[in-house]
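**Q** Got a structure here, written out as C-alpha cells. Questions coming.
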Amino acid sequence: MKKLIDETIDACYSGIYPCEAIDYFKEYHNTENILNDILKGHCLILTCGIELIGTGTLFGSNARRVFIKPVYQKMGFGKRIMKGLEEKAVEEKIRIMDLDASLVAYPFYRSLGYQTQAEEVIPVKNGQNLRYYKMVKDLKTK
Ligand SMILES: CC(C)(COP(=O)(O)OP(=O)(O)OC[C@H]1O[C@@H](n2cnc3c(N)ncnc32)[C@H](O)[C@@H]1OP(=O)(O)O)[C@@H](O)C(=O)NCCC(=O)NCCS
C-alpha cells in the first residue's frame, strides 16, 4: 500500500504541489500511520487480480488515504471506495463525514457532495506551503 500511495503522490501531485509538500505527504502516509489506521479504522482495498489498485480508510468520521493508482483513475473506482466508506459510516451511525482534500482531489469530492468548510495551509520546508481543503458531508442528505 505504501508503494501505491507514494507512486500516486508522485504521479498526481507533481506540478501541483512543491516537492517539499510532496515529501510531507509521503511522510504523513508512512508505514506506521498506514498500519495504525488499518488496525483501528475501516480500511478498504481494491484489487485487480493480485494487483492493488486503490484504497481508502474510515477513521471515526474521517475519510482518509483515498488513493487510486493513476492508470485506474477516472473509471469510477474512487467513487466506489467513497461509497463503501459512507456506507460503513452510516452503519456506525455517523451522520457527518469529514475529510481533508488535496488540491488534486477537491473536484472529485465536490462531485460527491462534500462541502468546503475551510482552506488550510501547512507550512512545509524551505518556506513552501501545502494547501488543502477541509470538507464535510451530511450523510442524511446524500
Ligand atoms: C481523487 C481520486 C481518489 C479520484 O478517484 P477516481 O477513481 O479517479 O475518481 P472516479 O473515477 O471515481 O470519479 C468520480 C467522480 O468524480 C469526478 N472526478 C474525479 N476526478 C476529478 C477531477 N480531477 N476533476 C473533476 N472531476 C473529477 C469524476 O468525473 C466522477 O464524476 P461522475 O460520477 O459524475 O462521472 C484519484 O484521482 C486519486 O487517487 N488522486 C490522487 C490522490 C489523491 O489526491 N487522493 C485524495 C487524497 S485527499
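**Q** Would you point out the residue of segment 38-68, among those that are at positive phi and away from the ligand (no atom under 14 Å from the Cβ), that is most open to solvent (accessible area, probe 1.4 Å)?
**A** Top of the filtered list is Gly49.
**Q** Hey, another quick one. Determine if segment 37-54 includes at least one residue that is more than 27 Å from Gly113 (Cα to Cα) and part of a helix (DSSP H, G or I).
**A** Looking for residues that are more than 27 Å from Gly113 (Cα to Cα) and part of a helix (DSSP H, G or I), one finds at least one in segment 37-54, hence yes.
**Q** Kindly evaluate Leu85 against the criterion of being within 14 Å of the ligand (Cβ to nearest atom), buried (at least 18 other Cβ atoms within 10 Å of the Cβ) and among the hydrophobic types (A, V, I, L, M, F, W, C).
**A** Considered against the rule, which asks whether it is within 14 Å of the ligand (Cβ to nearest atom), buried (at least 18 other Cβ atoms within 10 Å of the Cβ) and among the hydrophobic types (A, V, I, L, M, F, W, C), Leu85 comes out as yes.
**Q** With respect to Gly49, is the statement that it is at pLDDT 95 or above, out of contact with any strand residue (DSSP E or B) (no Cβ under 9 Å at 6 or more places or on another chain) and not acidic (Asp, Glu) true?
**A** So Gly49 fits the description; yes.
**Q** Here's a follow-up. Mind checking whether some residue in segment 69-92 is assigned to a strand (DSSP E or B) and on the phi < 0 side of the Ramachandran plot?
**A** Checked segment 69-92: no residue is assigned to a strand (DSSP E or B) and on the phi < 0 side of the Ramachandran plot.
**Q** What are the residue pairs meeting all of these: first residue in segment 94-112, first residue in contact (Cβ under 8 Å) with a residue 60 or more places away in the chain and closer than 17 Å to Phe77 by Cβ, second residue of a type in the set (A, V, I, L, M, F, W, C) and within 6 Å of the ligand (Cβ to nearest atom), Cβ atoms under 8 Å, and 6 or more apart or on different chains?
**A** Val104/Cys12
**Q** Could you tell me whether Tyr24 is among the hydroxyl-bearing types (Ser, Thr, Tyr), within 11 Å of the ligand (Cβ to nearest atom) and either within 16 Å of Ala105 (Cβ to Cβ) or surrounded by 14 or more Cβ atoms within 10 Å (Cβ to Cβ) (or both)?
**A** Values: among the hydroxyl-bearing types (Ser, Thr, Tyr): yes; within 11 Å of the ligand (Cβ to nearest atom): no; either within 16 Å of Ala105 (Cβ to Cβ) or surrounded by 14 or more Cβ atoms within 10 Å (Cβ to Cβ) (or both): yes.
No, not satisfied.
**Q** A follow-up question, please. Please determine, by comparing only the residues of segment 45-67 that are over 12 Å from the mean Cα position of the chain (by Cα) and of a type in the set (A, V, I, L, M), which one is nearest to Arg95 (Cα to Cα).
**A** Top of the filtered list is Ile45.
**Q** Can you give me the number of residues within segment 1-19 that are closer than 21 Å to Gln128 by Cβ and in a helix (DSSP H, G or I)?
**A** Final tally of qualifying residues: 9.
**Q** Next question. Quick one: which residue in Thr31, Thr57, Thr8 is within 27 Å of Pro123 (Cα to Cα) and touching a Pro at 6+ places or on another chain (Cβ under 7 Å)?
**A** The unique qualifying residue is Thr8.
For (1) among the charged types (D, E, K, R); (2) open to solvent by less than 60 Å² (accessible area, probe 1.4 Å); (3) over 15 Å from the mean Cα position of the chain (by Cα); (4) within 8 Å of the ligand (Cβ to nearest atom), each residue gets a yes or a no:
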residue	(1), (2), (3), (4)
Tyr72	no, yes, yes, yes
Phe77	no, yes, no, yes
Ala89	no, yes, yes, no
Ala101	no, yes, no, yes
Pro107	no, no, no, yes
Tyr114	no, yes, no, no
Gln117	no, no, yes, no
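**Q** Here is a further query. Quick one: Ile94 ticks every box in (1) farther than 20 Å from Asn33 by Cβ; (2) open to solvent by 40 Å² or more (accessible area, probe 1.4 Å); (3) among the β-branched types (Val, Ile, Thr) bar one, so which box is it?
**A** All conditions are met except number (2).
The values are calculated or read from the model by the stated rules, or taken from the named source; none is laboratory data. In this text, all values refer to a predicted model and were calculated from it rather than measured experimentally. Ideal geometry is used to build each Cβ from the backbone, glycine not excepted, and the neighbour counts take in all protein chains shown. We work out accessible area using only protein heavy atoms, side chains counted, and drop any ligands, DNA or RNA first. Shrake-Rupley method; radii C 1.70, N 1.55, O 1.52, S 1.80 Å.
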